[in-house]
1. Considering only region 73-92, how many residues are closer than 11 Å to A48 by Cβ and either not assigned by TED's automatic domain parsing to the domain that holds S51 or not charged (D, E, K, R) (or both)?
2. Under 7 Å between Cβ atoms, which residue pairs at least 6 apart in sequence (or on different chains) link something in region 112-137 that is assigned by TED's automatic domain parsing to the domain that holds A84 and modelled with pLDDT of 85 or more with a partner that is among the aliphatic types (A, V, I, L, M) and assigned to a helix (DSSP H, G or I)?
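The values are calculated or read from the model by the stated rules, or taken from the named source; none is laboratory data. Note that this is a predicted model, so its numbers are computed, not measured. Note: ideal-geometry Cβ built from the backbone for every residue, glycine included; neighbour counts use all protein chains shown.
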Amino acid sequence: MTDDRTGAPDVPGSQWYDNEAGPLVRPYAMTGGRTAPGPSGVRFDLIALVSLDIGALDGVDDASLGPEHRSLIDLCRIETQSVAELAADADLPVGVVRVLLGDLLELGCVTVSRPVPPAQLPDERILREVIEGLRAL
């Protein structure tokens, strides 16, 4: 029997299943109720770049990693990606991805770097002068 208003099955535990979306898992269930990325002190901004440390994966017990952790590892295996890209590609909320990346960082599976802030990039005027100087040679 189904609930006519939502289309969800009218059985005990039906709040965990949606006919169109399938089984539902709350984000806090994926992170064990944690909302902070751990004691590492690294900020996982949306533009922070995450790289996989393949050598560190050998010493990691696969049983300690959940399916979401493995999904992030697989995504990073292809190329370095930002936190925002990982969240989009893994189809997970950014908060969940930050917590999971904190776990992977503590295990040594990933490294996190920040792109160069625009204030530290060379001025466009200086770059143009360098180009003009090179052309003059």
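1. Step one: filter region 73-92 for residues closer than 11 Å to A48 by Cβ, giving 80-86.
Okay, now just the ones that are also either not assigned by TED's automatic domain parsing to the domain that holds S51 or not charged (D, E, K, R) (or both), so 80-84, 86.
Residues meeting the conditions: 6.
2. What qualifies is V112/L105.
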